[in-house]
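Encoded as structure tokens, here's the structure I'll be asking about.
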Amino acid sequence: MRKIIFIGQSDDKTVYYNTRTKEALVADKSVLLNTEGARKSNRAIIPLILLFALFGGGTGVAIFSFASPFRLNERMIPIILLAIFLVFVGSIYMLEKALYKNVRSIVLASKEQFKDAVNGSLIWEGFSDKKATFGKIFFFLFIILILLFCVGIVGMFGIPGMLIPYYDHDWFNLSLLFSPLAGVLPAAVVISLFQNNPIRWLLAVRKYDKGEVVFAEAVEEDAN
């Protein structure tokens, strides 16, 4: 698991939390996050990833349909697998660059910066209150388990279905529809577990609510 996790944004800074030292940290925003407003910049990432996924899956469908009139051809298998790989790696790479590009140049954050990052996070979307309750933790745990289940289904049935030669079938090969999902779902699992884990985020907020997070002000006071 990642030691330093993304918390959110405060003005022109990106805020992090060190899960081992319990320190609030801050660094400059990456180019992908350096837009006006925390919510606007957060929302800009997901459409980019979806567009990338659509391109990867759509390219496979287009090449497939032109080359073998809606039937699987063994020549298309490497292209489909490449599309899946590009969707998976590209989605993770884009979010990694957006959230953690400048993580090596972090310094201690102020309490106000951490508070702004927490209150402006999209984690609170869909909830009536901004509190890190166990109910929210179990909710996101359930979502992650559903994603893992879906990845298992795609891995056991979707990808093998694309690779089995149905050359004698005249009907449209539905297994091809799994090509974008085969890249997006594993990427979503990696992102939710290692890059932007909502459960670890909520646990960090619980530490903040209990006054257990170390801020720059506290270190300055100790130094004086």
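Probe radius 1.4 Å, ligands and nucleic acids ignored: give me the carbon and sulfur share of the accessible area of region 74-157 as a rounded percent.
On the way: 3540 of 5040 Å².
Within region 74-157, the accessible surface is 70 percent carbon and sulfur.
On to the next question. Restricting to DSSP loop positions (anything but H, G, I, E, B) with no more than 14 other Cβ atoms inside 10 Å of their own Cβ, which trypsin sites (Lys or Arg not before Pro) remain in region 86-130?
Filter output for region 86-130: K130.
Calculate, in nm to one decimal, what L141 and Y93 gain on full extension: separation in residues at 0.36 nm each, minus their alpha carbon distance.
Roughly 14.9 nm would be gained on extension.
Which of the pairs K97/K131; K13/K130; K22/K130; K101/K136 have their Cα atoms more than 23 Å apart in this structure?
Numbers: K97/K131 28 Å; K13/K130 21 Å; K22/K130 21 Å; K101/K136 28 Å.
Beyond 23 Å between Cα atoms: K97/K131; K101/K136.
Taking the simple approach of a point 7 Å from Cα along Cα-to-Cβ for both L82 and E212, what is their distance in nm?
Result for the modelled spin labels: 5.0 nm.
Between T133 and R2, what length in nm is gained on full extension when 0.36 nm per residue of separation is reduced by their alpha carbon distance?
Length gained between T133 and R2: 44.9 nm.
The values are calculated or read from the model by the stated rules, or taken from the named source; none is laboratory data. Quantities reported herein were computed from a predicted structural model and do not represent experimental measurements. Positions of Cβ are backbone-derived with ideal geometry, glycine not excepted, and every protein chain shown enters the neighbour counts. Note: accessible area is taken over every heavy atom of the protein model, side chains too, but ligands, DNA and RNA are not part of it. Shrake-Rupley method; radii C 1.70, N 1.55, O 1.52, S 1.80 Å.
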